[in-house]
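What follows is a set of notes on a single structure, which appears directly below.
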Amino acid sequence: MSSSNSTPESLDALRERLGIVEWDLLLVGDGSGSTWDRECGWGCVSVERETMHRRSWHGAMSSGTVNFAEMMAYLQPLTWYVSRELQQRKSGKKVQVRHVHIVTDSSYVGGLRASPDLLTCPNGALWQVFKQFTSQGILIHWHWIRRETVEL
């Protein structure tokens, strides 16, 4: 998401700009869609601190709003991450709280991140899923950035 006229921002520079010190997983994603009458899609890059391994995530649906797609960009890799963490717990490995930082250019996702009213906000059921990750030891930190300001 960087401008072609600028030097790409390194991962360390992005973390410094956003004040990210304690982290286990970093997610940078984007979604695209318009209304429930049209298709939607999303993509995300995850970076694991322990290995610095990057994974690419993407998906699409036959219909969905832009806000739905923006949320799905993070739901997909978070679900994988929690599943992996639960497997480690089953094998007897003690797993502490994990800090996941989500970087979004969506004002909807960035704006409702604190505590959306799940009864009245669009996509309230999806927001409930994000809240559920907390009960599984995942602390989600939301960061809003301007569009096209980071290469990931």
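The values are calculated or read from the model by the stated rules, or taken from the named source; none is laboratory data. This is a predicted model, so every value here is computed, not measured. Reconstructed Cβ throughout: ideal geometry from the backbone, glycine too, with neighbour counts over all protein chains shown. Accessible surface is based on the protein model in full, side chains and every heavy atom, while ligands, DNA and RNA are left aside. Shrake-Rupley method; radii C 1.70, N 1.55, O 1.52, S 1.80 Å.
Here are the numbers for the structure shown:
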item: Residue that is farthest from Val100 (Cα to Cα) [pool: residues in region 15-55 that are in a helix (DSSP H, G or I) and either among the basic types (Lys, Arg) or modelled with pLDDT under 90 (or both)]; result: Arg17
item: Search result, residues across region 120-139 that are closer than 11 Å to Met71 by Cβ, open to solvent by 70 Å² or more (accessible area, probe 1.4 Å) and under 16 Å from the mean Cα position of the chain (by Cα); result: none
item: Any hit, region 1-12, residues being closer than 20 Å to Val129 by Cβ and open to solvent by 50 Å² or more (accessible area, probe 1.4 Å); result: no
item: Ser46 closer than 20 Å to Ser83 by Cβ and surrounded by 13 or more Cβ atoms within 10 Å (Cβ to Cβ); result: yes
item: Residue within region 34-41 that is closer than 19 Å to Arg15 by Cβ, β-branched (Val, Ile, Thr) and surrounded by fewer than 12 Cβ atoms within 10 Å (Cβ to Cβ) present; result: no
item: Complete set of residues in region 58-88 that are surrounded by fewer than 20 Cβ atoms within 10 Å (Cβ to Cβ) and outside any helix (DSSP H, G or I); result: His58, Gly59, Ala60, Met61, Ser62, Ser63, Thr65
item: Flag for Asp24 being of a type in the set (Asp, Glu), free of Cβ contacts under 8 Å to residues at least 60 places away in the same chain and either exposed (fewer than 13 other Cβ atoms within 10 Å of the Cβ) or farther than 17 Å from Arg147 by Cα (or both); result: no
